1. Residues that are in contact (Cβ under 8 Å) with a residue 24 or more places away in the chain and under 12 Å from the mean Cα position of the chain (by Cα): which strands (runs of 3 or more DSSP E) entirely in region 56-117 hold 1 or more of them?
2. Here is a list: Leu167, Leu157, Leu129. Which entry is surrounded by 16 or more Cβ atoms within 10 Å (Cβ to Cβ) and under 17 Å from the mean Cα position of the chain (by Cα)?
3. Quick one: Thr50 ticks every box in (1) free of Cβ contacts under 8 Å to residues at least 24 places away in the same chain; (2) of a type in the set (Val, Ile, Thr); (3) surrounded by 12 or more Cβ atoms within 10 Å (Cβ to Cβ) except a single one, so which number is it?
4. Here are some residues: Met181, Met123, Met140. Which one is surrounded by fewer than 16 Cβ atoms within 10 Å (Cβ to Cβ), in contact with a helix residue (DSSP H, G or I) (Cβ under 9 Å, 6 or more places away or on another chain) and under 24 Å from Gly64 (Cα atoms)?
5. Look through region 132-152, keep the residues that are among the charged types (D, E, K, R) and more than 16 Å from the chain's Cα centre (by Cα), and return whichever of them is farthest from Pro72 (Cα to Cα).
6. So is Glu150 at pLDDT below 90 and loosely packed, with under 13 Cβ neighbours inside 10 Å or not?
7. Anything in region 182-225 that is outside any helix (DSSP H, G or I) and among the polar types (S, T, N, Q)? List them, or say none.
8. Can you tell me which of Leu195, Leu225, Leu220 is farther than 30 Å from Arg104 by Cα and surrounded by 16 or more Cβ atoms within 10 Å (Cβ to Cβ)?
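The values are calculated or read from the model by the stated rules, or taken from the named source; none is laboratory data. Everything numeric here is computed off the predicted structure, so don't read it as measured data. Counting neighbours? That spans all protein chains shown, and the Cβs are built from the backbone with ideal geometry, glycine included.
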Amino acid sequence: MAEHFLSSLRTEDLTEELITRLEKKKEKKELCPIFVGTEEPKIMREFLETYFRHEADFMTDSQGIFILTPYPESEKTAEGLSTALQENFMPRHTVIYYRNRCSRKLAVSIRELKKAYDTLVSMSHTESLMAFEDLFILSMVDGLSKESREFYRNELLPLYEKLPYELKITAVTFARENLSMGRTAKALFIHRNTLTYRLDKILQITGLDIRQINEAVKLLVLSYL
């Protein structure tokens with residue numbers, strides 16, 4: 001049975017000794033933290049303990065709960081948890097996870113996710129699920145000048161909104177998979193030729209060739225407006 005020594009801790013209790021113990025456990029199981037931000041951490045904690053059936057470690061924070069989960073399953077775990085929280089009408093929340101392997105020290109990752117949540121709150125962001133890696137793009141959108149934001153909304157956003165749902169998902173997935181044809185086709189369960197056709201359609205409709213990194217970033221910005 002797993003040793004759940006996080007269950008009664010708070011983030012301010014992270015001593016050097018505890019961090020060392022957590023790092024050893026992290027290295028052994030390749031664990032990554034997930035943060036569930038909420039205005040009702042006590043209610044959220046009770047739900048999570050029932051949801052995970054004592055199969056995960058938790059750490060309570062004043063603004064939410066940290067969950068320590070195996071990296072290969074972290075994205076799937078976060079997505080499933082977000083769905084469960086919405087289906088059970090839980091208080092307003094945001095689940096933040098690492099899409100990529102979190103190679104930094106665990107204490108750094110914990111502070112990183114907490115900072116990410118603080119940033120989302122300050123931006124009045126309301127999505128219930130967010131990958132940490134997407135925060136940079138969201139911050140870019142939030143930092144746009146009024147003139148730039150109006151340009152994107154008036155000139156480019158109408159073109160993006162013309163894309164069928166299938167092509168929007170294709171575009172976002174392609175960007176998240178670092179413009180890799182192979183990984184994107186695998187993630188979408190489609191043939192590479194189908195992906196090529198879709199990318200050509202995106203170019204035809206929006207004028208953006210997202211095979212180019214600058215164009216891909218521009219389209220991601222549009223997806224967050």
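1. Ranges flagged: 93-97.
2. Leu129
3. Condition not satisfied by Thr50: (3).
4. Met123
5. The residue in question is Glu147.
6. yes
7. Result: Gln212, single match.
8. Answer to the check: Leu195.
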